[in-house]
Amino acid sequence: MNRRALSWMFCAALALPGLAWAGSVYLNGVRIDGVTNQKFEKCTVTIDGKGDVHIEAPGYAVQGADSDTKTPPPAGTGSKRYWLVKEENYPGKTQYDVDIYINSVFFKRIRSGSDQVVLEITKALRPGPNVIHFAAQKNLSEQRKSFSPQVYLRLVIGEGNVGGQNVMIENPLIQYKRTADETANFNDDFTIQVQ
């Protein structure tokens, strides 16, 4: 083999790593190509067949992300419907805001004192195990409104149906509760099976 062929093969070998890294990087379903100097703790990293890197990091969110950079979560394909319902016995008195992530993708922020929430979440779920992450933050920008453990904000996720204009939760899968006497911030994960 002549020298010219060897040098061409060497240059091609050097170029291969650059060609192999043609995929994008996603954080919780949002493309973050070009982001530098970041560290993610307690996360799962998956490299798919296209070479895209998917980082699932509960509690992290991408600021200023455009909707065209988001990868849509796979839709639930089962026959059951899944719902998220907010219950608050004294609206605004727990002073907790709860960010909800479904399979490490930000879904919704629920605020203490906001309107009643009844949302179908079926399309955000995928068949099999799904991780629901709740990041609850105490909002003490004002003085404490209550110190009572009987004052609560509860989030229920479950299987249900619509009857008329009412949602009936037939099988509650998660009941997440924060009370007014608590002051800490919480990060909690639950896994549900979707059929």
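A short reminder: the numbers here are calculations on the coordinates, not readings from a lab. Remember, it's a predicted structure, so these values are computed and weren't measured experimentally. Every residue, glycine as well, gets a Cβ built from its backbone with ideal geometry; the counts of neighbours run over all protein chains shown.
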5 angstrom amide H check on Ser24, placed H, neighbours 5+ away: Asp52, Val53
Ranked Leu153, Leu84, Leu140, criterion: other C-beta atoms within 10 Å, fewest first: Leu140, Leu84, Leu153
Burial ranking of peptide ranges 128-137, 34-43, 161-170, 100-109 (average Cβ count within 10 Å, highest at the top): 100-109, 128-137, 161-170, 34-43
For Tyr96, distant residues with modelled amide H under 5 Å away: Ser112, Asn139
Unsatisfied cross-links (Cα-Cα over 23 Å) in the set Lys138/Lys177; Lys39/Lys138; Lys86/Lys145; Lys108/Lys138: Lys39/Lys138
HN-Hα J in Hz across the range 30-38 - Karplus 6.51, -1.76, 1.60, θ = phi - 60°, x for Gly and Pro: 10, 5, 10, 3, x, 6, 10, 6, 10
